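Beneath this line is the structure, given in structure tokens, with notes to follow.
Read-outs: derived from the displayed coordinates by stated rules, not from any lab. Quick caveat: nothing in here was measured; it's all calculated off a predicted structure. FYI the Cβ positions are ideal-geometry reconstructions off the backbone, even for glycines, and counts take in every protein chain you see.
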Amino acid sequence: MGKKAMGISMKELLSRYFHSAGEKPGTGFLALLICVGCILSLAALVGITVDVGWRQLWQSVDHADWVFALFVPVAVVISHVGYTLTYWEVARTTDGARLDLSDAFRIVTTGFEPLSPRGGYAVDVRQLTRRGLDEETAEKAVRLLGMLEYAVLAPLTLLAAVYMMASGMKAQAGLLPSWVIGVPVGAVLATGLLIKYHRDGRPENWWSLLRKHLDAIDDLLQLLKSWRQAPLAVFGMLLYWAAEIAALGGCIDVFGHRRGAVAVIIVGYATGYALTRRALPLAGAGVVEALMPFALNWVGYPLASSILAVIAYRIFNMWLPMIPAVISLRRLERDNNGPHTTREPRLNPVGASTR
């Protein structure tokens, strides 16, 4: 009987994992997600550390300059504020979204943590659908947000890579050209596909995922054309990336003692975050810890210092904000049960607002 109960429990657990996007997460399930995220992070770091050796790590700790760690929490808070401004402004591009700034901050804080197996994307869609949007419109708004993330980060990384090449800064072979060539080529390809997509009348027989991303580019262009909405959305995203990169830079300065290499940090950061933590399952737990140290090493930082910097960075930007994120999630779920959430959502596409 115990085995049967265990089998049912595992079946229910797997079902909740793969179909939890629209459900209220229980306390036990949240605890499980946090534990899984912690295990993945530790496993990735331990795997890299074994290869590097504990002696090198200890030497880096012994020579650490801890004063720079004081600035990292401030940068993390600023990054949350920046993303909140963008999130709020993007949500306002849809008619019918009932979202104030405080709710936007709670959703952003929750989405940055490993509180959903599908990442912050699922959190965003669930919360927006409970604030007046139908699921399709909510998904379009979230894709627009993701598109804006890369529309800001990619050009910054391109400029940083060009600066590094022009200044003769060393990096892993092929890394800088991949940014210098890849970003413009990607932009040209996306533009060509978008033009053909429009000329063909937005054909429904195109690959669904491709159509969704092309629609997101369309929505992004509409947003950027709006003088009322674009400045705050772009400013918020710039503030977010600048603060996140500053937070990582502060952690590097603690252990790496390499000052003023802003372009180097930008390229290392963007390379390590192949996908943003809102797009990755469990906020990228395990993935970021596995990739980021190598990305920093590829741009010239010692691997031992990079591992410690990433550990500190993830502690400050993911694990310490965990408590306020859980509180925010509970507050959001409690508000969702209030009377104001019973109104029917309005069906409007992203970017349809003429404000």
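Projecting label points 7 angstrom from Cα along Cα→Cβ for His198 and Gln59 puts them 5.8 nm apart. Here the Karplus relation 6.51 cos²θ - 1.76 cosθ + 1.60, evaluated at θ = phi - 60°, turns the backbone of the stretch 69-86 into coupling constants of 5, 5, 8, 5, x, 5, 4, 5, 4, 4, 5, 5, 5, x, 5, 4, 4, 5 Hz, with x for every Gly and Pro. Spin-label pair Ala43-Lys212: with each label point 7 Å from Cα along the Cα-Cβ axis, the two points sit 2.6 nm from one another. Packing here is the average count of other Cβ atoms within 10 Å per residue, and on that basis the peptides 85-91, 316-322, highest first, run 85-91, 316-322.
In a fully extended conformation the segment linking Ile323 and Glu135 would gain 64.8 nm over its present Cα-Cα distance, using 0.36 nm per residue.
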